[in-house]
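Notes to accompany the following structure.
The values are calculated or read from the model by the stated rules, or taken from the named source; none is laboratory data. The shown structure was predicted, so the numbers you read here are calculated from the model rather than taken from an experiment. Don't worry about glycine lacking a Cβ; one is built from the backbone with ideal geometry, like all the others, and counts go over all protein chains shown.
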Amino acid sequence: MVEKVIVVGGGPGGVSCAMKLLRMAREMGREIHVSLYEGKRFVGEIHHNQCVGILSPPIREIMEGLGIPFPADLVQREITGYVLHSRSETITLDEEGEVSYAIRRVAFDEYMLSVARKEGVEVIEARVTDVEIHPDRVEVFSESESREASVLVGAFGMDDGSAAFMMRASRYRRPGFLTSIVTKVHPPERFMEDFGNRIHVFLIPIRGVEFGAITPKGNHLTINIAGRDVTSSHMWAFLRDPRVREVLGPVDLEHPSNPKDMHFFKSRFPMGTADGFFGNRYVLIGDAAGLVRPFKGKGVNGACISGSWAAEAIMTAGISYEAFKDHYLPRCSYIISDLPFGRFLRWATILSKETGIMDMVVGKARIDRRWREAIYQAISANKMYREILLDTIGLDNMIKFAASIPLQLLLGLIMG
């Protein structure tokens, strides 16, 4: 009997899970049919993935482990470091050997889907409209058809409609999230040549904006902000801030020369783990499950890894609640256990940039290698936040730094 799996969502997580399922099935001598639903059309850029588009380490190793060649031809720029801007301080953060890749997510997602098709995944270009989860089967309804399967994999990110039908059909409750707004500008060619290969990160006191960034791509700059509920007004406040304007140089924000510039796109990314992200005959991965690093997500990596974990659980343990609890959840604890440390770091960062303590942190990083490395690792998300706070900085160093903060500023941090 052919086992049937339906994956809802054709991003990196959904593709990774589908690929892993088929490869494991072949190795185990089992027959399996994987259907993957994706409602967006990436060819011709009819639809976009509202993402900055940075692939960070160890993405090459992750993809190669899934049998997916890394698409070097899609890389627009290698990112070699960061420039952190606080209220009145700036520091450059580079790390030898750590390179991230700026890509167009629409092209990357289409590449991933093309690899999945070649592997034997049935890609259905339709949006799922509802699901039913029964004791003996799952049923999926789309814009074009309905079909049954043994198990459902949810890889739909933070999509409202998909979250709504999953919450109706199961114990799933989607994770809390931050809102992000993304736009882009095309500066003069010479300016882009001189801009360099670093992402500029802004932790500056703009009410409602937790952080912002300017990322160099091939011939343009991608600009994004994030906060609990950021709006276009927040984006304009960020763009007009003198510290941001200095980095953007000659860019004319009010009268862009390129018709593709200054269109705002809104998205979300999770800030915690979803409730009920697995159950009898269903499992969620990536953003939909909240399985990304808190505060600074590495969303593509988290999606690919959790998709692979879900496939392994399905193929080796089964599709019951108990199977996912015993074989999927323990793998996810690697990410879940770091959530409290991520929440603390987020709280401290928000209040520090408002009180001026962030300037002191940047100043400390200039003279103390441990603080400089900690800031780099926090921005790049290359280490777990537990390691950053307890190992890289160290509790003793944090206590000494807190003792050096003027009482007035320290009270502002504590009182919020």
Residues of segment 70-92 satisfying the condition of being within 21 Å of the chain's Cα centre (by Cα) and touching a residue at least 40 places away in the same chain (Cβ under 8 Å): Pro71, Gln76, Arg77, Glu78, Ile79, Thr80, Gly81, Tyr82, Val83, Leu84
Checklist (1) free of Cβ contacts under 8 Å to residues at least 40 places away in the same chain; (2) in contact with a Ser or Thr (Cβ under 7 Å, 6 or more places away or on another chain) applied to Leu66, failing item: (1)
Criterion (touching a strand residue (DSSP E or B) at 6+ places or on another chain (Cβ under 6 Å) and surrounded by fewer than 21 Cβ atoms within 10 Å (Cβ to Cβ)) met by exactly one of Phe191, Phe141: Phe141
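From Ala323, Ala303, Ala311, Ala317, grab the single residue that is modelled with pLDDT of 95 or more, crowded, with 21+ Cβ neighbours inside 10 Å and outside the structural domain of Phe195 (by TED's automatic domain parsing).
Working: Ala323 fails: crowded, with 21+ Cβ neighbours inside 10 Å; Ala303 fails: modelled with pLDDT of 95 or more; Ala317 fails: crowded, with 21+ Cβ neighbours inside 10 Å.
Just a single option satisfies the conditions, and that option is Ala311.
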Filter result (surrounded by fewer than 21 Cβ atoms within 10 Å (Cβ to Cβ), assigned to a helix (DSSP H, G or I) and hydrophobic (A, V, I, L, M, F, W, C)) within segment 372-388: Ile379
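Within the group Ile32, Ile59, which residue is crowded, with 18+ Cβ neighbours inside 10 Å, outside the structural domain of Glu148 (by TED's automatic domain parsing) and out of contact with any Lys or Arg (no Cβ under 7 Å at 6 or more places or on another chain)? Steps first, please.
Working: Ile32 fails: outside the structural domain of Glu148 (by TED's automatic domain parsing).
The conditions single out Ile59.
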Residue that is nearest to the chain's Cα centre (by Cα) [pool: residues in segment 126-138 that are in a strand (DSSP E or B) and either crowded, with 17+ Cβ neighbours inside 10 Å or in contact (Cβ under 8 Å) with a residue 40 or more places away in the chain (or both)]: Val128
Criterion violated by Ser144 - all others in (1) in contact (Cβ under 8 Å) with a residue 40 or more places away in the chain; (2) assigned to a loop (DSSP other than H, G, I, E, B); (3) of a type in the set (Ser, Thr, Tyr) satisfied: (1)
Top-ranked residue in segment 114-125 [being more than 24 Å from the chain's Cα centre (by Cα) and more than 12 Å from Val15 (Cβ to Cβ); ranked as surrounded by the most Cβ atoms within 10 Å (Cβ to Cβ)]: Ile124
Matching residues, segment 351-361, being surrounded by 21 or more Cβ atoms within 10 Å (Cβ to Cβ) and touching a residue at least 60 places away in the same chain (Cβ under 8 Å): Ser352, Lys353, Met358, Val361
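Could you tell me which of the residues Leu203, Leu178 is modelled with pLDDT under 95 and either farther than 21 Å from His263 by Cα or in contact with a strand residue (DSSP E or B) (Cβ under 7 Å, 6 or more places away or on another chain) (or both)?
One residue alone meets the criteria, Leu178.
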Any hit, segment 336-343, residues being modelled with pLDDT of 85 or more, surrounded by 16 or more Cβ atoms within 10 Å (Cβ to Cβ) and over 27 Å from Pro270 (Cα atoms): no
Helices (runs of 4 or more DSSP H) completely within segment 157-245 that count 2 or more residues being in the same structural domain as Phe264 (by TED's automatic domain parsing) and either closer than 17 Å to Val52 by Cα or touching a Leu at 6+ places or on another chain (Cβ under 9 Å) (or both): 189-195, 232-239
Subset of segment 252-296 [basic (Lys, Arg) and either modelled with pLDDT under 90 or surrounded by 16 or more Cβ atoms within 10 Å (Cβ to Cβ) (or both)]: Lys260, Arg268, Arg281, Arg293, Lys296
Residues of segment 212-237 that turn out to be closer than 19 Å to Trp347 by Cβ and free of Cβ contacts under 8 Å to residues at least 40 places away in the same chain, as a count: 1
Any hit, segment 116-124, residues being touching a Ser or Thr at 6+ places or on another chain (Cβ under 7 Å) and at pLDDT 95 or above: yes
